[in-house]
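These notes concern the structure reproduced below.
Derivation of every value follows stated rules applied to the coordinates shown; laboratory data play no part. Just so you know, these numbers come straight off a predicted model, no measurement behind them. Neighbour counts run over all protein chains shown; Cβ positions are idealised from the backbone, glycine included.
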Amino acid sequence: MLNVRDLHVHYGGIHALKGISIDVPSGKIVTLIGANGAGKSTTLRTIAGLVRKSSGEILYEGKPIDGWPPEDVVKAGIVMGPEGRRIFPHLSVLDNLMLGAYSRTDKDGIERDLEWVYELFPRLKERLWQKGGTLSGGEQQMLAVGRALMSSPKLVMLDEPSLGLAPLLVKEVFEIIETINQQGKTVLLVEQNAFASLKIAHYAYVLEVGQIVLEGTGQDLLNDKRVQEAYLGG
Amino acid sequence: MSMAMFIQHLFNALTLGSLYALIAIGYTMVYGILRLINFAHGEIFMLGAYFVFWGVTLLHLPWFLAVIVAIAVTSLTGVLVDRVAYRPLRDAPRISALISSIGVSFFLQNLAIVVFSAIPREVQRPGWLVDIIVVGKVRILPLTLVVPVLSFLLMLGLLFIVYKTKPGLGMRAISKDIETSRLMGVPVNRIIALTFGIGSALAAASGIMWALRYPQLQPVMGVIPGFKAFIAAVFGGIGSIQGAVLGGLILGIMEIMIVAFLPTLAGYRDAFAFVLLIIILLVKPTGLLGEKLEDKV
Ligand SMILES: Nc1ncnc2c1ncn2[C@@H]1O[C@H](COP(=O)(O)OP(=O)(O)OP(=O)(O)O)[C@@H](O)[C@H]1O
Ligand SMILES: [Mg+2]
């Protein structure tokens, strides 16, 4: 579904991505793990159209999408839930969700997806008129995921969705990711919580200072000595 | 002062206040989204006024049509200014766009001098707007009824767009977080263009009504009203539409009433707005209805 080929990205003089290649097959959960500053967010932001590549290719369903503005990437079916949730604090929960559907014009489809989001996150439905900024951290994360789903994406990219959440909520977030995957969404997941994300991932990449140093199935990497030492606390 | 006099002053005050408010909205909306003080906004106000009288005197359009055309053309001019002078600087340090706006302001003023000439022109006003109505002891200029009412309707229309439509939702999102808005599929450049279009249309409406109220056109006519409306926007809380309206009304009412009640101070009329600005910046820097706006990247 998504193929990234030899992608290079620079921020001024900083060479943030040094030729990475990633494949995300349709229907799967693929995860990208790595330490702070490895380039995980940069990868997602480049796919989403927020950051310009220096060289390389980003193919979505066989078509190059690099250079597209973010709104076109969303329309094509790729959505990104940014790091730190980035809920609109001054807008109601419902307005936040409707923003997710901004690129769509199919009223019936939007209604259906709203109902689906309410089913996934009943807590949001009780708080539709509440301002986004008054939600708890966990609720905000649910809203961020729900908002992303409202664009009716084929590929959902999530940047550290478990960041800063209590262990119980972390578990809930990973369960939700599995659920939406089972309901047909392809997922590209960036995480620092290597253990939990490798457990649910079909395939995984390890990123270190702008390069892929290791890849394999989630299970393979869980069993890998280097991964265990570097990311799973020995 | 008699009651009748007071009522007349009140209508005058509401008129001036509405005119400031309409301009102030454009400053506040653009600032809310781009953190840019658009110094060329006063010139947009001026163009609106000139376009209408061009339409009436040169093209012999009926008044109503001339007003519609002038507002549309001014609105497009505002969009064009953004496209040419601000959009290329979107990723540059914010001071660049600010300087660019000062440049646009001078450019439009001088263009107006070339095209319209610097000689002030008198405005021929339709009789029904200026034939005094007498109600008991109160003598009212119909214009001072029409301006507040029309302004109020325009503001209602604006609130509808901002709070009840999809582009309005886009505007409210962008004003808080441009990057995340883009990730949600909001076409940011188009929404910014729309913001300039709406702000410029309201400034044009204000310019046209201003020229009917104070019937003289000149290329620098936007400078003082522009400055005062900017102060009104800051006073009300820059970034807040309701604040701009409130600030504009308060400034207009106080200006007229001070001149009316303390005629000895009439000479300080223009300085008064700046005193108000200094006071609010000292007492409540975010303005009456403003919240602290974070700097955006
Ligand atoms: N806007 C930017 N300007 C300059 N350098 C940047 C910018 N964004 C990221 N970088 C640099 O690029 C490198 C990769 O950053 P990135 O945010 O992609 O890392 P990450 O893997 O997501 O880290 P984290 O786990 O902390 O979120 C870092 O060295 C970072 O400092
Ligand atoms: Mg990151």
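Working note: Karplus 6.51/-1.76/1.60 with θ = phi - 60° gives the stretch A:96-111 the couplings 4, 5, 5, 4, x, 8, 4, 7, 9, 10, 7, 4, 4, x, 4, 4 Hz, where Gly and Pro are set to x. Rounded to whole numbers, the Karplus 3J(HN,Hα) couplings from phi for the stretch A:219-230 are 5, 3, 6, 4, 8, 6, 4, 5, 5, 4, 5, 7 Hz, using 6.51 cos²θ - 1.76 cosθ + 1.60 with θ = phi - 60°, and x at Gly and Pro.
Both the radius of gyration and Dmax for the stretch A:2-231 are 17.1, 51 Å, in that order, over alpha-carbon atoms. 3J(HN,Hα) along the stretch B:241-255, derived from phi through the Karplus expression 6.51 cos²θ - 1.76 cosθ + 1.60 where θ = phi - 60°, amounts to 5, 4, x, 5, 5, 4, x, x, 5, 4, 4, x, 5, 5, 4 Hz, with x in place of Gly and Pro. For the stretch B:180-206, the residues whose backbone nitrogen is under 19 Å from a point 7 Å from the Cα of B:VAL115, taken along Cα to Cβ, are B:196-206. Counting every other Cβ atom within 10 Å of each residue's Cβ, A:TRP129, A:TRP116, B:TRP210, B:TRP54 order from fewest to most as A:TRP129, A:TRP116, B:TRP54, B:TRP210. With neighbours defined as other Cβ atoms within 10 Å of a residue's Cβ, the residues B:THR264, B:THR57, B:THR74 order from fewest to most as B:THR264, B:THR57, B:THR74.
To make sure I understand, if each residue's beta carbon is the centre and we count other beta carbons within 10 Å, what order do B:VAL223, B:VAL149, B:VAL52 fall in, fewest to most? Intermediate results must be reported in sequence, preceding the final value.
Values: B:VAL223 17, B:VAL149 11, B:VAL52 29.
The fewest-first ordering by Cβ neighbours comes to B:VAL149, B:VAL223, B:VAL52.
Using a Förster radius of 22 Å, what is the FRET efficiency between A:GLU115 and A:GLN183 based on their Cβ-Cβ separation? Nearest 0.05, please. In this case the efficiency is close to 0.95.
Normalised by the residues of the stretch A:2-231, what does the relative contact order come to in percent, with Cα pairs under 8 Å and at least six apart? Display every interim value, and only then the final one.
Numbers: 444 pairs, mean separation 64.3, N = 230.
It comes to 28 percent, rounded to a whole number.
As an exercise, use a Förster radius of 35 Å and the Cβ-Cβ distance of B:TYR214 and B:MET3 to find the FRET efficiency, rounded to the nearest 0.05. Could you put the intermediate results ahead of the total?
Working: r = 26 Å, r/R0 = 0.74.
So the FRET efficiency works out to roughly 0.85.
Take each residue of peptide A:98-106, count the partner chain Cβ atoms within 10 Å of its Cβ, and average: the result is 4. Near the amide H of B:ALA40, within less than 5 Å, lie the amide hydrogens of B:SER105, all on another chain or at least 5 residues away, with H placed in the peptide plane.
Note on the protein assembly as shown: percent of Cα-Cα distances in each 10 Å bin, starting at 0 and stopping at the bin with the largest distance, equals 4, 17, 23, 20, 15, 11, 7, 3, 1, 0. Here the protein assembly as shown is treated with +1 on each Lys and Arg Cβ and -1 on each Asp and Glu Cβ, and its dipole about the Cα centre works out to around 1160 debye. Do any of A:LYS125/B:LYS166; A:LYS125/B:LYS164; A:LYS53/A:LYS131; A:LYS154/B:LYS166; A:LYS28/A:LYS75; B:LYS164/B:LYS284 go past 28 Å between their Cα atoms, and which? Long pairs (Cα-Cα over 28 Å): A:LYS53/A:LYS131; B:LYS164/B:LYS284.
If you count the DSSP beta bridges with both ends in the protein assembly as shown, what percent of them are antiparallel, to the nearest 5? The partial results should precede the final answer.
Working: 26 of 45 bridges.
Approximately 60 percent, going by the DSSP bridge assignments.
Only helical runs count toward this figure. For chain A, summing -39,500 (n - 2.57) over DSSP H runs of n ≥ 4 and dividing by all residues gives -11000 deg cm²/dmol at 222 nm.
Once you have a ≥ b ≥ c as the square roots of the Cα gyration tensor eigenvalues for the stretch B:3-283, tell me rounded if a/c is under 1.5, and otherwise prolate or oblate according to whether a/b is larger than b/c. The shape class here is prolate.
Pull up the DSSP beta bridges for the stretch A:2-231 and report the antiparallel fraction as a percent, rounded to 5. Each step should come with its number before you reach the end.
Values: 21 of 40 bridges.
Taking every DSSP beta bridge within the stretch A:2-231, about 50 percent pair in antiparallel fashion.
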